[in-house]
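Contents: one structure, followed by commentary.
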Amino acid sequence: MKKTSTILALVFLSFNLAAQTEDIIAAQQVQFTFCYPLGTNGTASPSIENTFSLNALIGVNGGVNGFELGGLVNVNNGSVDGCQLAGIANITTGSSNGVIMSGIANVVADSSRGIFIAGISNVFSKGGFNGLQLAGISNLTNGNVDGLQIAGIANINYGDLKGVQLSGMLNVVHGNVVGSQVGFINYAKNLNGFQLGFINVAGESEKALPFGFLSFVKNGYHAFDFSANESIYGNVSFKLGVDRFYNIFKIGFSSFKGESTLVAGYGIGTLVRFTDQHKLAIELSANNGIRSFNDYGYTDILSRLDLNYNYVFGKHLSVFAGPSFNVYYSEQETAGNYGTLNVPYTIFEDQLDYGRLAMWFGLNVGLGIRF
């Protein structure tokens, strides 16, 4: 908290100096500052651009065209071109171009390009960025980004992104994305590219391809399916994502030897379009049989590969049917037998010490509603 307060105070100081000083009126080769204004340029330092700048603690300069090294903080009232290193922060009211590195934060007011590395954050308050941003916590840009952003926690852009975002938690682009986002949660106003994360959200785009546990695209694929097969007699599936890749959340009902079974499942699928009316859904799912909520600790999984031909009526309604390949493993006992679901026949079966493994081909039929 103290480090954050210090950075904010220095940002305020630097912008204050920018407002109070005139344009750079001089340039020189070398300057040394112990702690502003105790340096070779004295109180005139905010209006002098330097080729080589060395600051023991805190330095304030008119700009750098070359190299700057600061023990704590470098503050520049102009632009930086070259290499800038600081133990805590680099703060520039103009643009920064080159290699910029700090232990805590790099804060730049104007459009910049280069390689920016910060222990905590890279912040670009105006304009865009072109190059590499690498931060231990976050990268925040108020304009367009063309390049690569890598952050331990979050990348947040208020403009467009052309490139790649990588983060440990969150990627957000309030404009258009042409490229990729990889993180736990990804959001793009419009996506023309690829998302990989646990949760993916994108606005209108016909070229979005999200991969994750839960993906929502505004004009993507959203549907409810009502189906039945030889083992799950009634099943409702909610599907969302895009035609090329969507998530499936399933809930169903079955029974075995007089015992009712609730079936909950998750899967992924892809919809292959032949024509507007004729489509093929290829879906892989895992379905867990739950006979009683007290029967925890037992494995009871039906894995299915479904190939469903869809005949589409208009824009929203379809009927489908197709074969399935089933692999069922159960450690749950019902009336002296392993299982909670009906197995009509088997092409392979193995009675294990603590369960039953069975395989068979089946059939799936149903009705789909797309919205």
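Looking only at the stretch 327-352, how many residues end up being under 40 Å from the mean Cα position of the chain (by Cα), polar (S, T, N, Q) and not in a strand (DSSP E or B)?
To start, the set of residues in the stretch 327-352 that are under 40 Å from the mean Cα position of the chain (by Cα) comprises 327-332, 339-341.
Within this subset, residues satisfying the condition of being polar (S, T, N, Q) are 330, 332, 340.
Keeping just the survivors that are not in a strand (DSSP E or B) gives 332, 340.
Counting residues in the stretch 327-352 that are under 40 Å from the mean Cα position of the chain (by Cα), polar (S, T, N, Q) and not in a strand (DSSP E or B) gives 2.
Of everything in the stretch 80-102 that's touching a residue at least 40 places away in the same chain (Cβ under 8 Å) and assigned to a loop (DSSP other than H, G, I, E, B), which residue is nearest to LEU69 (Cα to Cα)?
Step by step, filter the stretch 80-102, then rank; the result is ILE88.
Look through ASP306, ASP300, ASP243 and report the one residue that is among the acidic types (Asp, Glu) and more than 28 Å from LEU357 (Cα to Cα).
ASP243
I'd like to verify a number: residues in the stretch 297-321 that are of a type in the set (Lys, Arg) and surrounded by fewer than 18 Cβ atoms within 10 Å (Cβ to Cβ), how many?
Here is the first cut: in the stretch 297-321, the residues of a type in the set (Lys, Arg) are 304, 315.
Imposing the further condition that a residue be surrounded by fewer than 18 Cβ atoms within 10 Å (Cβ to Cβ) reduces the set to 315.
So the answer is 1.
Taking the stretch 307-336 as the region of interest, how many residues are among the small types (Gly, Ala, Ser) and touching a Ser or Thr at 6+ places or on another chain (Cβ under 8 Å)?
Step one: list which residues in the stretch 307-336 are among the small types (Gly, Ala, Ser), which gives 314, 318, 321-322, 324, 330, 335-336.
Filter again for touching a Ser or Thr at 6+ places or on another chain (Cβ under 8 Å), leaving 330.
Going through the stretch 307-336 one residue at a time, the tally reaches 1.
Can you report the number of residues in the stretch 113-153 which are aliphatic (A, V, I, L, M) and closer than 16 Å to VAL99 by Cα?
Step one: list which residues in the stretch 113-153 are aliphatic (A, V, I, L, M), which gives 115, 117-118, 120, 123, 132, 134-135, 137, 140, 145, 148, 150-151, 153.
Filter once more, keeping what is closer than 16 Å to VAL99 by Cα: 115, 117-118, 123, 132, 134-135, 148, 150.
Number of matching residues: 9.
Restricting to the stretch 179-237, what's the tally of residues that are among the aromatic types (Phe, Trp, Tyr) and not in a strand (DSSP E or B)?
Just the residues of the stretch 179-237 that are among the aromatic types (Phe, Trp, Tyr), to begin with: 184, 187, 194, 198, 211, 213, 216, 221, 224, 226, 233.
With the extra rule that they be not in a strand (DSSP E or B), the set shrinks to 184, 198, 213, 233.
Residues in the stretch 179-237 being among the aromatic types (Phe, Trp, Tyr) and not in a strand (DSSP E or B): 4 in total.
Could you please find all residues in the stretch 34-57 being closer than 15 Å to ASN77 by Cβ and without any contact (Cβ under 8 Å) to a residue 12 or more places away in the chain? Full working, then the answer.
Residues of the stretch 34-57 closer than 15 Å to ASN77 by Cβ: 36-37, 39, 41-50, 53, 55.
Scanning the stretch 34-57 gives GLY42, THR43.
Quick check: is even one residue across the stretch 200-212 more than 30 Å from LEU341 (Cα to Cα) and out of contact with any strand residue (DSSP E or B) (no Cβ under 8 Å at 6 or more places or on another chain)?
Yes - at least one qualifying residue is present in the stretch 200-212.
Taking the stretch 183-235, which residues are buried (at least 23 other Cβ atoms within 10 Å of the Cβ) and over 26 Å from GLY368 (Cβ atoms)?
Hits for the stretch 183-235 are GLY183, ASN186, ALA188, GLY197.
Would you mind stating whether SER260 is surrounded by fewer than 17 Cβ atoms within 10 Å (Cβ to Cβ) and among the polar types (S, T, N, Q)? Explain how you work it out, then say what you get.
Working: surrounded by fewer than 17 Cβ atoms within 10 Å (Cβ to Cβ): yes; among the polar types (S, T, N, Q): yes.
When the stated conditions are applied, SER260 passes them.
Yes or no: SER324 touching a strand residue (DSSP E or B) at 6+ places or on another chain (Cβ under 9 Å), in a strand (DSSP E or B), of a type in the set (S, T, N, Q) and surrounded by fewer than 19 Cβ atoms within 10 Å (Cβ to Cβ)? Give the derivation first.
Values: touching a strand residue (DSSP E or B) at 6+ places or on another chain (Cβ under 9 Å): yes; in a strand (DSSP E or B): yes; of a type in the set (S, T, N, Q): yes; surrounded by fewer than 19 Cβ atoms within 10 Å (Cβ to Cβ): no.
No: the conditions fail for SER324.
Any read-out appearing in this document is the output of simple, stated calculations on the displayed coordinates, not a laboratory observation. Just so we're clear, the structure is a prediction, and the values are computed from it rather than from any experiment. Cβ atoms come from the backbone with ideal geometry, glycine included; neighbour counts cover every protein chain shown.
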